[in-house]
Each structure stands twice: as structure tokens, then as C-alpha cells.
Amino acid sequence: GVYHNGIDNNYPERVERIINNSATAKPSAKLFRKYITGKGFGDVLNAIIVNKDLNISLRKFFAKLCNSYAYHNGAFILVNYNLEFKIISVDVLPFSHCRIGNKDDKDYNGKIIIYDNWDEVKGKVDKDKFIIVDVFNPKPKIIKAQIEKAGNIKKYKGQIFFYNPDETIYPLAHIDNAMNDADSENMSSVFKNTSLRKGFFGKKIVVTPPMLGDEFRIEDKFLTDEQLSIKRAITTERDNFRNSMQKFIGADNADGMLHLEMEFEGDDIEKTIKFIDVNTNINDKLFEYTEKSTANNIRKAFGNIPSILIENNESSVFGQSGEMLVQAKLFYQDQTEEDRDDLETEVLNPLFSIFEGFTMPEGGLKILPLIQNPKTNEINN
């Protein structure tokens with residue numbers, strides 16, 4: 001009864017996993033959200049409570065809205081009304097929990113289905129746990145009919161405002177065209193970690209003369225009692241040697257040692273016992289270009305973030321002039337201006353123009369940008 005979001009219906013969950021597992025995508029999404037949120041709407045408006053039950057202020061609501069937008073390029077907003085058909089509370093729902101219901105006989109998408117585990121194994125989805133809510137329609141006669149159908153205002157679930165800037169059923173995430181890059185960045189990290197943990201890194205080979213002669217390398221049942229006694233003594237000697245080595249290098253490093261017994265000639269100590277270091281099999285140069293290109297593609301996906309705002313090494317931040325950093329911030333603020341404008345005109349003002357007790361500022365709600373231009377001392381908007 002829902003439109004799948006992605007072929008397997010878990011596109012939002014996959015987007016969240018890929019962003020959160022990427023060392024570049026996660027801070028990029030966070031920075032993108034930060035620049036869209038800006039300074040909110042000023043101290044007075046920021047502090048207004050827009051959901052008394054959850055104690056959510058306008059500032060906190062807007063931050064949740066921008067976080068959903070940064071990750072998913074859209075948002076599902078739960079709206080509740082009073083009997084005067086005014087909005088009395090709003091809250092941003094987890095994007096990955098919401099799906100659009102199929103069109104009815106009148107070709108109308110009238111329902112949003114909320115469920116907290118759409119990526120369960122097929123056939124395991126528990127439809128009894130579905131929460132079905134009407135889509136946003138602020139017309140009083142529509143709200144009245146929905147309340148009457150629910151039985152009373154206390155049983156009424158409200159409506160869901162779905163913000164989708166795309167013309168598709170669901171929006172494509174900002175990271176969509178760089179998802180493979182973000183995943184490659186994560187897999188590169190996994191490969192190097194696996195190589196360090198299970199590869200040759202930090203391994204040692206200890207080579208000694210044989211501690212058990214050829215005459216004892218047969219089954220015990222073919223040995224005489226005297227030979228068996230000698231074999232056991234030598235075996236104990238071997239075990240004691242290996243235990244001593246483990247104590248010497250530390251129990252935590254015991255798995256990194258390989259003991260080989262080999263024949264030697266003469267009494268040269270270097271031939272009697274020898275330690276061999278095994279070099280790591282990780283080739284950093286192999287990943288250098290890939291990591292740079294994937295990071296660049298990810299930054300582009302989030303509004304073309306200047307690398308100086310993400311890369312935190314000394315040469316890219318502390319080694320640059322302060323003016324360059326300021327200009328990078330102003331540039332990115334300009335890059336995200338359209339996103340702020342769209343959220344103002346398509347989400348904030350339509351909702352809060354009918355919010356109970358909310359006095360709309362002249363000209364509507366305006367997001368205060370994060371950065372002030374130091375040259376003109378004017379806020380770039």
C-alpha cells in the first residue's frame with residue numbers, strides 16, 4: 001500500500017548509513033546543515049515553543065528540519081491542529097520512517113505511512129504497527145471531516161507536511177550522485193583496518209634450529225618408552241620457549257609471532273636464532289588519488305563545499321591566510337542561499353502563517369545567515 005523509496009524500499013536507510021560511515025560525507029552534511037540553519041530567526045523568535053509536549057523551540061524545530069534536508073533533500077513534518085483549525089504543534093519525523101501511500105481512486109496521495117523498520121527482511125514487516133496519517137491540507141472543512149472521522153480531537157493524529165523539492169515521488173538525496181564515492185571512502189578505511197588487524201603489519205618470524213629431531217617426528221605409538229620420554233621433554237622445552245617469547249613480546253602481541261624451526265650450519269648466533277620483521281602490505285600511494293577524488297566529489301554533492309572548510313590538516317587551514325578562510329565561508333554561504341530561500345517560502349512561511357498565537361514578522365520568516373561580511377559589515381543574504 002505504499003510507494004517504495006528505492007528499488008528495495010530502503011533508500012533513506014542506505015543514504016544514512018553511507019553518509020554516517022564516510023569521513024568526508026558526515027562532516028559535509030553537518031556543515032551543509034549548519035549553513036542552511038544559520039543563526040535562525042533572532043533570539044526572540046528562536047525561543048518560541050512550537051511543540052509544548054516535546055518542548056521544541058522554533059530554533060530546535062528548524063535545526064531538525066535542516067538536518068532532514070541535509071541528509072535526504074526533504075522532510076516529513078507532523079502538524080497538529082486545534083478546533084479552530086490553527087496549527088498548535090509541529091515536529092520533524094525521521095525521514096526513513098515515512099512512506100507515501102498509493103493513490104486512491106481519485107488519483108490522490110492522501111496518506112503517509114509511518115513505520116520504524118522498513119528495511120526488515122521482506123515478509124517480516126509488521127503492518128499492524130503502521131501509523132497512517134493524512135497528508136497536509138489546511139482547509140478547515142478537510143480538517144473538520146478528519147477530526148469527525150477520528151471520533152474527537154484527542155484521537156486525531158493530525159497531518160503530515162511533506163517537503164519534496166524534486167518532481168519525483170521521493171526526493172533524491174544530495175549525496176545521491178556521490179554515494180559510490182562515499183561508500184568507496186568507507187571501504188578504503190575498512191580495507192586498511194583489516195590489513196592492519198589481520199595482515200602482515202607488525203608481524204615477526206622467529207627462526208630457531210629444530211627442537212624436535214626427525215627420529216621423533218612419528219606417531220607416539222611407534223616410539224619406545226625411552227624415546228617417548230625424550231620427545232615429551234623436548235616438546236616441553238619447545239613450549240617453554242614459545243611461552244617465554246610470548247611473555248617477552250606481551251600477550252597482546254602473541255598472535256603476531258610465527259615460530260619456524262630450521263636446520264643451520266655452525267654455531268653463529270645469527271644462524272641459531274633469528275628475528276625477521278614482516279613489512280606491512282598496505283600501499284598508501286594506492287589510495288592517495290582515490291581518496292582525494294572521492295572527497296572532492298562528496299564536497300561537490302553538498303553544495304560545492306570549499307576544501308578548506310572540511311580538510312583539517314595544518315596546510316589547508318592553519319597554513320592559509322585568515323582572509324582566504326573568510327572568503328571560503330562567504331562563498332559557501334552564497335552557495336547555500338537558494339536552499340535557505342526555498343525553506344523559507346515553501347515550508348516555514350506556509351506553516352507558521354496559520355500557527356496559533358504566532359505573530360509573523362513583516363515580510364515573513366527570514367533566516368539570518370551565519371556569516372557577516374567583514375568589509376561591508378552587512379549580512380550577506
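The values are calculated or read from the model by the stated rules, or taken from the named source; none is laboratory data. Quick caveat: nothing in here was measured; it's all calculated off a predicted structure. Don't worry about glycine lacking a Cβ; one is built from the backbone with ideal geometry, like all the others, and counts go over all protein chains shown. Note: areas computed on protein heavy atoms with side chains; ligands, DNA, RNA excluded. Shrake-Rupley method; radii C 1.70, N 1.55, O 1.52, S 1.80 Å.
A 19 angstrom limit on the alpha carbon distance is what I want to check against. Which of Lys86/Lys139; Lys60/Lys366; Lys103/Lys124 exceed it? Intermediate results must be reported in sequence, preceding the final value.
Values: Lys86/Lys139 10 Å; Lys60/Lys366 16 Å; Lys103/Lys124 24 Å.
Pairs exceeding 19 Å: Lys103/Lys124.
Find out how many positive minus negative residues lie around Asp128, taking Lys and Arg as positive, Asp and Glu as negative, among other residues whose Cβ is under 14 Å from that of Asp128. Provide the component values of the computation, followed by the final result.
Details: positive: Lys124, Lys127, Lys129; negative: Asp116, Glu120, Asp126.
Neighbourhood net charge equals 0.
Relative contact order for region 22-163: what is it in percent, counting Cα pairs under 8 Å that are at least 6 residues apart? The partial results should precede the final answer.
Numbers: 195 pairs, mean separation 28.1, N = 142.
Reported relative contact order: 20 percent.
How large is the accessible surface per residue of region 1-83, computed with a 1.4 Å probe and reported in Å² as a whole number?
Numbers: 3580 Å² over 83 residues.
In whole numbers, region 1-83 has 43 Å² accessible per residue.
Using packing as a proxy for protection, rank 156-166, 136-146 so that the peptide with the highest average count of other Cβ atoms within 10 Å comes first. Each step should come with its number before you reach the end.
Numbers: 156-166: 18.3, 136-146: 14.2.
Highest to lowest by the protection proxy: 156-166, 136-146.
If we count every other residue with Cβ under 11 angstrom of Ile77's Cβ, Lys/Arg +1 and Asp/Glu -1, where does the sum land? Don't jump to the answer; show the numbers that get you there.
Working: positive: Lys64; negative: Asp91.
Surrounding charge for Ile77 is 0.
Any idea what the alpha-carbon Rg over 2.2 N^0.38 Å comes to for region 14-72? Walk me through the numbers before you get to the answer.
Values: Rg = 13.3 Å, N = 59, 2.2 N^0.38 = 10.4 Å.
Compactness ratio reported: 1.28.
Which residue, Phe85, Leu58, Val125, has the largest displacement toward the positive end of the dipole of region 19-131 when charges sit on each Cβ (Lys, Arg +1; Asp, Glu -1)?
Of Phe85, Leu58, Val125, it is Leu58.
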